[in-house]
There are 2 protein chains.
Amino acid sequence: MADTKQLILDTALRLFNQQGTGAVSTNHIADGAGISPGNLYYHYRGKPDIIRALFEQLFAQTDERLNLPTDRLPMVSDIMMLVRINFEIMGEYRFIYRESLLLLRQDPALHQRNIEVRARGYEGFREIITALSSMGILVALDAAVVVRLADLLWLIGEFWLSSLEVSGQDLTDEAMERGIELMMQVIQPYLTTP
Amino acid sequence: MADTKQLILDTALRLFNQQGTGAVSTNHIADGAGISPGNLYYHYRGKPDIIRALFEQLFAQTDERLNLPTDRLPMVSDIMMLVRINFEIMGEYRFIYRESLLLLRQDPALHQRNIEVRARGYEGFREIITALSSMGILVALDAAVVVRLADLLWLIGEFWLSSLEVSGQDLTDEAMERGIELMMQVIQPYLTTP
DNA sequence: GTCTATATCGCGATAGAC
DNA sequence: GTCTATCGCGATATAGAC
């Protein structure tokens, strides 16, 4: 194989998304990738190592695909587009969002790393909301209110798909748009041009 | 023991909350309860059976402890009190909220049951919000807006604690109050007496 | 109801040939 | 890099004595 290391990751991601990390053993992954268990252990120390690698792949994808236009100032519609792309990425790495609380508890170092990456993302996001307010797209707001709005939008972005799954709804485009509508509902009272 | 069946549940709940369902075997539970593995299997078919029983216990607790005053009309502060109690219950059954998406995927019958119970709870909640609007505590609103507000409050109630954990914050009373503040932020623009 | 003993299974992990 | 073979371990589950 050209790149066994990546093949293992791709296979693991597919199986984890389908069956959850608990139900998928290193043997299953090797089997699904068409390689021997020994070979898998040559490339990775074990399942936790593979999970860490998938987290890193998710971080990299997020950095790569989640960007605002640089040639002009951001608008509300730009943010909603970011959220759509984020929903897409979350779908590709579904197992991470399904099991995050569990996976992070089992791996303190990964938890720490995740907190840092997440904090950077959140900071950037909050700055965008602040910018919208100072640009006059949102009415002038207390700093405290801006933070609460950012927190709300962030929470929706992070857990809307989970909410759909728990309530037994499919992750259709329409369902994702309802998440976007909830976000719009949050900021609608503060828009200068409704 | 007076009631071995309940003792097993109590022990399992404690261990699941501490270590997660994956890390806790039936042997561990039996050990923690001070009984033999064989005895555990006399009372339950296995770990999935115990998990189902804990879900049912959670449903019962929720029914029992989550009630509005019947001697007068509900106010906004009543709802916030409901949310506080709900956070408390969620703390007691923490493993369910940490692993819900995973546990429900592994047990379709339980998933179905959870969807039904949850739907009933959500319906009741939505009616309360509708009532607040028709009582004039919230300004008169489109039905669609009422639904979105209910969805938002429900989402916050369900995932605020998870959000805290993912971002590495402790589940203190102060942190929970910040969740309540987010809810207030959502309805604040629609309050008739701010 | 509760125990002890045990059967079966599959996972994680490594050694050593190629 | 990749494979085959294999060991040790612990988990689930049951049988049978008390």
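What follows draws every value from the coordinates through simple rules; no lab data is involved. Computed from a predicted structure; not experimentally measured. Cβ: placed from backbone, ideal geometry, glycine included. Neighbour counts: every protein chain shown.
Structure notes:
- 3 or more residues in contact (Cβ under 8 Å) with a residue 40 or more places away in the chain and within 14 Å of another protein chain (Cβ to nearest Cβ): qualifying helices (runs of 4 or more DSSP H) within the stretch B:69-135: B:94-106, B:108-134
- Within the stretch B:23-52, the set of residues being of a type in the set (Ser, Thr, Tyr) and surrounded by fewer than 19 Cβ atoms within 10 Å (Cβ to Cβ) comprises B:SER25, B:THR26, B:SER36, B:TYR41, B:TYR42.
- Unique residue being surrounded by fewer than 18 Cβ atoms within 10 Å (Cβ to Cβ) and under 21 Å from B:ALA175 (Cα atoms) when the list is B:ASP107, B:ASP78: B:ASP78
- Looking across the stretch B:145-174 at every residue that is among the polar types (S, T, N, Q) and free of Cβ contacts under 8 Å to residues at least 24 places away in the same chain, the one that is surrounded by the most Cβ atoms within 10 Å (Cβ to Cβ) is identified as B:SER163.
- Filter pass, B:LEU171 being in contact with a helix residue (DSSP H, G or I) (Cβ under 9 Å, 6 or more places away or on another chain), under 30 Å from A:ALA144 (Cβ atoms) and outside any helix (DSSP H, G or I): yes
- Pairs, first under 21 Å from A:PHE87 (Cα atoms) in the stretch A:175-194, second among the polar types (S, T, N, Q), C-beta under 7 Å, six or more apart: A:ALA175/A:GLN169
- Count of the stretch A:15-68 residues which are within 14 Å of chain B (Cβ to nearest Cβ), within 16 Å of DNA strand C (Cβ to nearest atom) and of a type outside the set (A, V, I, L, M, F, W, C): 8
- If you go through the stretch B:42-94 and keep only what is of a type in the set (Asp, Glu) and within 16 Å of DNA strand D (Cβ to nearest atom), you end up with just B:ASP49.
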